[in-house]
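All remarks here apply to the structure that follows.
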Amino acid sequence: MRERQTLFTYVYRDLEEQILSGRLKYGDKLPSLSGLSERYHVGVRTVKDVLCALREKGYIRTEERKAAVVVHRQTELSAAASSVLERRTAILEVYRTVELLEPPLLAFCARICGEEERKRLARDIARLRGKDPEQRGQICTGCIHALAEGSRSLLIGDLFTSLGSYTRMPLFRGRERFVDLVAERGGFPSVAWAMESLPTRDADEITARFGAVFRTVTSAVQAYLDEMSRTFGGVPEDPSKGFDWAAERGRDHYYMQVTQDLIDKIGTGEYAAGAFLPTEAALSDAYGVCIATVRKALSMLNELGFGQTVPAKGTRVVLQDNKATMRVLKNKTFKRDTLRYLSGLQLMAVIIRPAAALACEGMDGETLRELEQRLRSCGGIPLDILVQWVMGHQSLRPMKTILQATNRLLHWGYYFAFYSDGPSSAELLTQKSLDAFSCLRSGDRQGFADTLSACYCHILEFVRGFMVEYGLAEAAGIVTPDLI
């Protein structure tokens with residue numbers, strides 16, 4: 001099982017980094033306990049522990065019933081510069097990832113927003129004219145997060161927040177030299193020009209305008225980092241401070257990870273219907289958890305209808321039926337997980353296109369032959385093989401991080417459990433996956449990317465239909481990207 005980062009560590013490191021880099025300045029107020037809890041998808045208890053640790057380190061001041069305040073001061077400009085330069089490669093890679101991912105995601109969110117949301121968006125964007133840079137930034141951020149929230153995705157807004165947090169550098173914003181570098185490139189007339197495309201819901205125009213903005217800003221960031229390196233030379237990079245995003249935050253309990261993995265193996269046929277699962281001791285060794293955690297996982301498996309524990313024999317595998325599906329959806333934890341799973345399919349359908357295009361840039365004949373050999377081998381799921389190849393050939397580490405985090409949510413068992421014979425009967429998905437490879441082999445890289453996206457759209461349509469039929473009405477709000 002994947003080594004997990006504790007929720008406390010994740011939240012603490014993120015807030016500490018924002019304070020040390022100057023993104024949270026002396027005197028700034030942190031969001032409320034509930035605000036931080038919602039932002040990081042953690043409990044209030046975890047937030048309180050993080051704030052206590054930050055206070056003990058001298059970063060913040062806390063008072064009862066008042067927002068925590070940053071009390072850490074940067075002693076000199078070079079301190080903030082050092083914090084940026086030790087992450088200069090990671091920062092630039094995040095900007096390049098934003099350049100590839102945010103335009104299509106913004107276009108998608110804008111196209112599915114309702115008429116009232118569109119009108120409110122247009123009113124807010126009209127306020128940009130004549131505002132100072134700080135106010136314009138707040139309005140833009142508010143509009144983008146409102147769009148993400150309107151998409152009903154459990155992931156897009158969180159991804160925007162994580163990317164925005166990493167790219168929001170005080171040493172860039174408002175600095176005359178950085179502003180000059182952006183202006184010198186002349187890639188776009190104003191940020192308002194890009195924002196004004198959102199209420200039109202014209203995907204091509206939105207993608208083009210925001211693409212121009214992000215390309216220009218990324219180029220200016222690279223030039224500014226180069227100048228900073230010459231001014232504050234000798235700052236070594238810290239590889240531990242790269243971009244991180246945990247799409248699965250909020251479902252980090254060990255027993256839940258074990259349960260999900262067992263369901264995955266049942267759905268894909270590794271554990272056949274009627275067969276007994278490995279013993280509790282064997283599962284304990286395999287997952288690196290205690291017997292009590294295994295028993296809790298098996299109890300959850302029984303409750304959800306995927307297993308039946310027989311005294312003195314073990315737990316027998318049971319495939320899903322309609323009644324079992326209803327039990328899953330009545331379980332609050334799995335209801336949330338199902339919506340997160342559908343959100344992951346939706347997100348992957350959008351981001352796999354630019355990711356696939358990026359993976360193809362370094363492709364050669366030998367790489368293609370190796371991929372074809374893996375597809376011809378028995379026992380693999382073609383789409384999984386193709387996506388693993390895409391993830392393994394990412395030149396941008398943040399892009400790879402986002403793909404991996406999203407892919408960890410997409411348990412194959414959720415899909416194949418609805419087929420009586422498991423993966424072998426899912427002919428349509430297999431054919432779509434092989435069609436994607438045919439595009440790649442013939443040199444049609446755009447077709448490869450589009451067909452991979454179509455695979456995820458198919459899975460989303462298929463599983464969401466069952467979820468709505470079995471009573472999860474909220475699933476209908478997770479819109480399929482290719483049907484808008």
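Check region 78-87 and report whether any residue there is surrounded by fewer than 17 Cβ atoms within 10 Å (Cβ to Cβ), of a type in the set (Asp, Glu) and under 24 Å from SER240 (Cβ atoms).
So in region 78-87, the residues surrounded by fewer than 17 Cβ atoms within 10 Å (Cβ to Cβ) come out as 78-79.
Add one more test, that the residue is of a type in the set (Asp, Glu), and what stays is none.
For region 78-87, residues surrounded by fewer than 17 Cβ atoms within 10 Å (Cβ to Cβ), of a type in the set (Asp, Glu) and under 24 Å from SER240 (Cβ atoms): absent.
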Conditions (1) under 26 Å from ARG340 (Cα atoms); (2) part of a helix (DSSP H, G or I); (3) outside the structural domain of VAL11 (by TED's automatic domain parsing): number failed by ARG120: (1)
Residue in region 29-49 that is in contact (Cβ under 8 Å) with a residue 60 or more places away in the chain and not in a helix (DSSP H, G or I) present: yes
Just one of (1) modelled with pLDDT under 85; (2) outside any loop (DSSP other than H, G, I, E, B); (3) of a type outside the set (Ser, Thr, Tyr); (4) more than 19 Å from ASP158 (Cβ to Cβ) trips up GLU17, so point out which. (4)
Got a sec? Which of VAL221, VAL217 is closer than 23 Å to GLU17 by Cα and either within 23 Å of the chain's Cα centre (by Cα) or in the same structural domain as ARG408 (by TED's automatic domain parsing) (or both)? VAL217
ASP49, sole failed condition from (1) within 24 Å of LEU163 (Cβ to Cβ); (2) touching a helix residue (DSSP H, G or I) at 6+ places or on another chain (Cβ under 7 Å): (1)
Scan region 379-386 and give yes if some residue there is within 30 Å of ARG88 (Cβ to Cβ) and among the hydrophobic types (A, V, I, L, M, F, W, C), otherwise no. no
In region 273-290, which residue that is among the hydrophobic types (A, V, I, L, M, F, W, C) and assigned to a helix (DSSP H, G or I) is farthest from ARG408 (Cα to Cα)? ALA281
Could you say which residue among ALA67, ALA81, ALA107 is at pLDDT 95 or above and small (Gly, Ala, Ser)? ALA107
How many residues are within 14 Å of GLN308 (Cβ to Cβ) and without any contact (Cβ under 8 Å) to a residue 12 or more places away in the chain if we restrict to region 257-293? 0
Residue within region 215-228 that is farther than 22 Å from GLU86 by Cα, surrounded by 17 or more Cβ atoms within 10 Å (Cβ to Cβ), touching a residue at least 60 places away in the same chain (Cβ under 8 Å) and hydrophobic (A, V, I, L, M, F, W, C) present: no
Quick one: is GLY447 in contact with an Asp or Glu (Cβ under 9 Å, 6 or more places away or on another chain), at pLDDT below 85 and assigned to a helix (DSSP H, G or I)? no
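The values are calculated or read from the model by the stated rules, or taken from the named source; none is laboratory data. No experiment lies behind these values; they were computed from the predicted model shown. With ideal geometry, Cβ positions are generated from the backbone for all residues, glycine too; neighbour counts draw on all protein chains shown.
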